[in-house]
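Visitor: Can you keep this structure in mind? I'll have questions shortly.
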């Protein structure tokens, strides 16, 4: 923040000034302070209060921040406003096309990230067909149903998590769809070609007997947290992945919860695993270091990148 002085009729008046760079130049805000120049300490307090006021104004609520700055929260809200402004100006037909394309691409990416054998044609067919689906189309359809579910308000709890899992894993009966795991699982590093290597990462998920208690804590935190949406979404993904409540499909569930968090706060659907190697690297780095910060940083970068791509299209 900068302090700006304006002279009116020979008297000095002071304003606090904040500026954030967006796609088409900076977005600036100013607030009148008074005729007396504030001390550096007073200016810091004014700045913090001004940022809280901006967050409230842009979001309609007092979002908190933990591992990111208030400036980052404000910037993310400004990007949301720009996204929604452009989306609202689209014709109904173009909105529908965007919704379908983003849903289809998220579904495709979140499946192939886990080496599920589907392609774009399978997902598009699954979206348009109601019956007589091939196995690959049915797998895609199951994921599409889960994506559709997170677009509607649901309290995040054990029942809802199990419902999401039963949807996405319905075709994989050996992976106990809709049930929490009852044995130990291990996490392995991913190779450069997408194959998992034999090397176990420096983190082992908790014993299955602890899952219920850990999930209870997770849901309590999630449903009470006032964290800003992107930080909350990334932290939830990180925390749920560490619990690893299912035999398989955990990252798919994490990406659904990540986007449920965003959609609930009127943020766009973000294809978080679009950059596959970077996604795995950020997630594993966070898990091994016992800190969500690397993954949160990655999530913010992907959010800005994908919103910029949308805003830059005609």
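Visitor: Of all residues in the stretch 246-265, which are surrounded by fewer than 20 Cβ atoms within 10 Å (Cβ to Cβ) and assigned to a helix (DSSP H, G or I)?
Guide: Result: 263, 264.
Visitor: Taking the stretch 189-215, which residues are out of contact with any strand residue (DSSP E or B) (no Cβ under 9 Å at 6 or more places or on another chain), at pLDDT 95 or above and assigned to a loop (DSSP other than H, G, I, E, B)?
Guide: Across the stretch 189-215, the qualifying residues are 202, 203, 204, 205, 206, 207.
Visitor: Just to be sure before I move on: is residue 257 touching a strand residue (DSSP E or B) at 6+ places or on another chain (Cβ under 8 Å) and under 30 Å from residue 174 (Cα atoms) in the structure I sent?
Guide: Here the answer is no, as residue 257 does not meet what is asked.
Visitor: Name the one entry in 118, 68, 147 that is modelled with pLDDT of 95 or more, crowded, with 16+ Cβ neighbours inside 10 Å and not in a loop (DSSP other than H, G, I, E, B).
Guide: It is 147.
Visitor: Go through the stretch 150-169 and count every residue that is assigned to a loop (DSSP other than H, G, I, E, B), surrounded by fewer than 21 Cβ atoms within 10 Å (Cβ to Cβ) and in contact (Cβ under 8 Å) with a residue 24 or more places away in the chain.
Guide: 6
Residues checked against (1) assigned by TED's automatic domain parsing to the domain that holds residue 110; (2) more than 21 Å from residue 144 (Cβ to Cβ); (3) part of a helix (DSSP H, G or I); (4) under 15 Å from the mean Cα position of the chain (by Cα):
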site: 223; (1), (2), (3), (4): yes, yes, yes, no
site: 236; (1), (2), (3), (4): yes, yes, yes, yes
site: 267; (1), (2), (3), (4): yes, no, no, yes
site: 273; (1), (2), (3), (4): yes, no, no, yes
site: 277; (1), (2), (3), (4): yes, yes, yes, no
site: 283; (1), (2), (3), (4): yes, yes, yes, yes
site: 286; (1), (2), (3), (4): yes, yes, yes, no
site: 297; (1), (2), (3), (4): yes, yes, yes, yes
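Visitor: Here is a list of conditions, (1) touching a residue at least 24 places away in the same chain (Cβ under 8 Å); (2) within 20 Å of residue 154 (Cβ to Cβ); (3) surrounded by 21 or more Cβ atoms within 10 Å (Cβ to Cβ), and residue 243 meets all of them except one; can you say which number that is?
Guide: Every condition holds for residue 243 apart from (3).
Visitor: Can you tell me which residues in the stretch 38-55 are loosely packed, with under 13 Cβ neighbours inside 10 Å and either assigned to a strand (DSSP E or B) or in contact (Cβ under 8 Å) with a residue 12 or more places away in the chain (or both)?
Guide: The answer is 48, and nothing else.
The values are calculated or read from the model by the stated rules, or taken from the named source; none is laboratory data. Not measured: the values here are computed from a predicted model. A quick note on method: Cβ atoms are made from the backbone with ideal geometry, for glycine too, and the neighbour counts reach across all protein chains shown.
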